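A quick write-up on the structure given underneath.
The values are calculated or read from the model by the stated rules, or taken from the named source; none is laboratory data. Every value quoted in this text rests on a predicted model; they were computed, and no experiment measured them. Backbone-built Cβ (ideal geometry, glycine too); neighbour counts: all protein chains shown.
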Amino acid sequence: METNKNGSQLEFEKDAFLNILPENLAKKIKELDGFENLIEVVLDLGRKPEARYAGKTIYLRDNPVKEEEIGKVISKVGTFDRDNRAGIEKTLHRISGIFNRREEVIGLTCRVGRAIYGTAESIRDIIRSDNSILLLGKPGVGKTTLLREAARVLSEEMGKRVIVVDTSNEIGGDGDIPHPGIGSSRRMQVPFGKAQEDVMIEAVENHYPEVIIIDEIGRTEESKACRTIAERGVRLIATAHGVSMDNLMINPTLQDLIGGIAPVTLSDEEAIRRGTQKTILERKTPPTFDILIEIRERGIYAIYHDVAETVDALLRGFPVNPEMRSGITKEKPKESLTVTKEINETVKIFPIGINPSYIDRGINSTRVPVEIVKDLSKADIILADRRIVKKKQDLLDFANRLAIQVDLVDKPSLGEIKNYLKKAKNKNYNKVVLDYGKLENIIRKVIEDGQPFQLPTDTDEVIEEERNFISRFGLSSEIIGIKPNKRVVISPRKPK
């Protein structure tokens, strides 16, 4: 469960937030007794004041907000910057203003900021690695909170030299002294948004960090600054405007973060080998970031461990499956006595002259354990348009040398591909393998208790592998029963 590290700091920040509000509104919020779930308080001139919680909104009174109430709130917070934001010193709270044409404040969004410790537990191994990490996700999903926790973990727990480039003081809070939520990281404030890339380069040139943490990369200049920093050997952890990898790939401003994308004209032979048109899209350069994490929901992460490989696969139309992680702990399944397990043997197909999306759609509808690969040497099957393969005898010879099966289709249509996969579904793609860890536990129990143990019935191949593994521990075994009830009995060591 996520908890705040310092209870007194939490109380200080709660009081600091309530103290800027009109007294009657602060009292009402205290009576509601749910400050830990409060997202923001909205004060719009001439409208009822609102308290917005996760999943609900509550009107704090029936009377509308008055001009003098907005003025009193403004007098208690810092100066509004160019982004029309202000803050409360030594806290993470943000006060954003809505202005009329005369540049008078007619509305306030008072957002509660919290440093929540432990939010990075499920991706701690990635944060503690040496890889540069790019975070994507919709607003309010926890990107900045994760950056803050990464800064604390790297600076406090690992002793790294970390600099936070804080454009709007959301990571390190308002005021000159940064919030304790970023640990011992140093914080460089950005005077206005367009100066962010200059401060990023200044951080590297003047302060020699090992890690730079940046919130909201959104401009071409900032993308170029990120590449410059990465080329100097400094690790980056940043967020960018976008929800998913797909968003980034079609955003010309930020494409450079993942290597950039440009059209390339292939030779006739290469186009046939890949099964594509002659003009395709390719990644231009190595990506600035090694790992990309999509924050799907708060605490739910889709992780692409190799950005370069992921971008290349997506450009070729291959399906990409990120690793999914969650902060929710699942109950471990109970252990069974069986020492074998059935696994899905995925068949790897290399398509030639066939639209990969047809195969992908066919897989989804037929549920066949098939995966499309882009490296011919890793393929189990070449699935090709018969008309193209006839012209490529050298390809058939290469497949023969690698013992790769070649399957041909006459018409590479979606219907034809689905028919092919339906026939493949009737084949046996499952194989049984030993669960060596479980078998070892059984063997050690036999050694400890001195009692024989009878394993479940199995095939001749599995029985042979079981006996070979048992012999490594200096124990003997014997086969009892006849097919289909053959099984192995493990014998304990004989006393001397």
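Quick notes
- Condition met for Pro287 (within 30 Å of Pro356 (Cα to Cα), surrounded by 15 or more Cβ atoms within 10 Å (Cβ to Cβ), assigned by TED's automatic domain parsing to the domain that holds Val190 and modelled with pLDDT of 95 or more): yes
- Residues of the range 199-215 that turn out to be not in a strand (DSSP E or B) and not small (Gly, Ala, Ser), as a count: 11
- Hey, Gly159 crowded, with 16+ Cβ neighbours inside 10 Å and of a type outside the set (A, V, I, L, M) or not: no
- Helices (runs of 4 or more DSSP H) enclosed by the range 219-304 - at least 2 residues per element that are free of Cβ contacts under 8 Å to residues at least 40 places away in the same chain, out of contact with any His (no Cβ under 7 Å at 6 or more places or on another chain) and more than 17 Å from Ile123 (Cβ to Cβ): 220-231, 268-274
- Some residue of the range 40-53 being at pLDDT 90 or above and among the β-branched types (Val, Ile, Thr): yes
- Selection from the range 1-31 of residues that are modelled with pLDDT of 90 or more, hydrophobic (A, V, I, L, M, F, W, C) and assigned to a helix (DSSP H, G or I): Ala16, Phe17, Leu18, Ile20, Leu25, Ala26, Ile29
- Taking (1) touching a residue at least 60 places away in the same chain (Cβ under 8 Å); (2) within 24 Å of Val162 (Cβ to Cβ); (3) of a type in the set (S, T, N, Q); (4) surrounded by fewer than 17 Cβ atoms within 10 Å (Cβ to Cβ) in turn, Ser184 satisfies each apart from (1).
- Contact map, the range 75-87: residues that are under 15 Å from Val190 (Cβ atoms) paired with residues that are surrounded by 16 or more Cβ atoms within 10 Å (Cβ to Cβ) and of a type in the set (Ser, Thr, Tyr), Cβ distance under 7 Å, separation 6+ or inter-chain. Pairs shown: Asp83/Ser168; Arg85/Ser96; Arg85/Ser168.
- Tally of residues being surrounded by 15 or more Cβ atoms within 10 Å (Cβ to Cβ), over 15 Å from the mean Cα position of the chain (by Cα) and more than 21 Å from Glu157 (Cα to Cα) across the range 115-141: 0
- Annotation note: Cβ proximity below 7 Å between a residue of the range 355-383 that is without any contact (Cβ under 8 Å) to a residue 40 or more places away in the chain and a residue that is in a helix (DSSP H, G or I) (sequence gap 6+ or interchain) occurs for Ile382/Ala399.
- Single unsatisfied condition, Arg61 versus (1) touching a helix residue (DSSP H, G or I) at 6+ places or on another chain (Cβ under 9 Å); (2) assigned to a helix (DSSP H, G or I); (3) surrounded by fewer than 17 Cβ atoms within 10 Å (Cβ to Cβ): (2)
- Residue check, Ile217 in contact with a Pro (Cβ under 9 Å, 6 or more places away or on another chain), crowded, with 16+ Cβ neighbours inside 10 Å, in the same structural domain as Ala151 (by TED's automatic domain parsing) and modelled with pLDDT of 90 or more: no
- Contacts under 6 angstrom Cβ, first residue in the range 116-141 being more than 16 Å from Ile217 (Cα to Cα), partner surrounded by fewer than 18 Cβ atoms within 10 Å (Cβ to Cβ) and among the small types (Gly, Ala, Ser), 6 or more apart: Ser122/Gly327
- Of all residues in the range 472-496, those being at pLDDT 85 or above and either under 45 Å from the mean Cα position of the chain (by Cα) or surrounded by 12 or more Cβ atoms within 10 Å (Cβ to Cβ) (or both) number 9.
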